[in-house]
1. With N set to the number of residues, divide the alpha-carbon radius of gyration of region 8-99 by 2.2 N^0.38 Å and report two decimals.
2. So if I take the centroid of the Cα atoms in region 23-62 and the same for region 82-96, what is the distance between those two points in Å?
3. Tell me, what HN-Hα J-couplings in whole Hz come from the Karplus equation 6.51 cos²θ - 1.76 cosθ + 1.60 at θ = phi - 60° for each residue of region 81-97, using x for Gly and Pro?
4. Quick check: convex hull over the Cα atoms of region 170-227, volume per residue in Å³, rounded to an integer?
5. Residue by residue, what Karplus-based ³J(HN,Hα) values in Hz, rounded to whole numbers, does region 221-236 have, using 6.51, -1.76 and 1.60 with θ = phi - 60° and x for Gly and Pro?
6. Using the 2.2 N^0.38 Å rule of thumb for compact globular proteins, work out how the chain stacks up: its C-alpha Rg over that value, please.
7. For the residue pair Ala292 and Ala56, what label-to-label distance in nm results when each label sits 7 Å from Cα along the Cα-to-beta-carbon direction?
8. Enumerate by residue number the trypsin sites (Lys or Arg not before Pro) in region 187-274 meeting two conditions: DSSP loop (anything except H, G, I, E, B), and at most 12 other Cβ atoms within 10 Å of the site's Cβ.
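Here, each number is a calculation from the coordinates, and none is a lab measurement. Just so it is clear, the model here is predicted, and its values are computed rather than measured. Ideal geometry is used to build each Cβ from the backbone, glycine not excepted, and the neighbour counts take in all protein chains shown.
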Amino acid sequence: MSATAPVRKTHLDGLAIASLVLCCVLWGLNQVASKVTLADIPPLLQAGIRSLGAAALVALWSWRRGIRLAPAANGTGTAGLLAGTLFAAEFACIFLGLQHTTASRMVVFIYLSPFVVALGMPFTAHAERLGGLQWAGLLAAFAGVSWAFAEGFHAPSAGARQWWGDALGVLAALLWGCTTLVIRGSRLATAPAEQTLFYQLAVSGLLLTAASALSGEAWPALAGLRAQAVWLMGFQTVVVTFASYLLWFWLMRHYPATRLAAGTLLTPLAGLAAGVALLGEPLTPRLLLACAAVAVGIVLVNRPPKAG
């Protein structure tokens, strides 16, 4: 299959917005699913299993559609290895961080990634520079989230090491942003979405599973797993890591990365609601303010430019 440049639209249309909202809701719920599953499956192993399982589904999907995944098809091997390694590090931070902070807080901090994309995107796609209002929106979200982060030091709601879990969430955001920039700034920008996703899942699955074994995590017996853990792993693997990520990479190929990255700030709102409703996590004023700031940022960043 030859790598041809996709038709890239300048703004998010109805299909893109609907797809983005669906992804955000699923990703918000995923933090809750991951947090609950930690009671049965340790963090690195959990992340590795879902990546390997989803990689197998992507490979099957691609085979049925005649899509070549081998690096030799379009010379994307180096970029794919880098993207997969960053992806592995990101999810290691997320799953390890969930041991120390709440799912509600983790999902808010992860979505600082648009700042990384906004700062780096002009170096790879000059047409995607942000204007004054867009920067104001990103700064509003950053200020709110930073204030919420400070709560982990003097008034933690999830234990004395909450600040450490929060910090891992921020690091995960940095890694996610870097992954997006690698994809958009390399040959992966014109690679099939399936190939890009397969790189990340296969590489991260192998690295995370190896890290689990080397770190001495206790691997549970399959026969001893609760049904709840099995269903939640299925949700994480099939619905989130396979289906929603495949949809996300398709969006990345056809719509502006900065607008998409800013749109993912809807996820903290969904994750916050899910954590409070499903896990009974505390809803603090600082976290509410952070989500309000994020909402303002979404509006400003996605405002279309004035007609000249």
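1. For region 8-99, the normalised Cα radius of gyration is 1.33.
2. 12 Å
3. So the J values, rounded to whole Hz, are 5, 5, 4, x, 5, 5, 4, 5, 5, 4, 6, 5, 4, 5, 6, 5, x.
4. 140 Å³
5. Residue by residue, region 221-236 yields 6, 4, 5, x, 6, 6, 4, 4, 5, 5, 5, 5, 5, x, 4, 4 Hz.
6. Normalised Cα radius of gyration, the chain: 0.97.
7. 4.8 nm
8. Arg226
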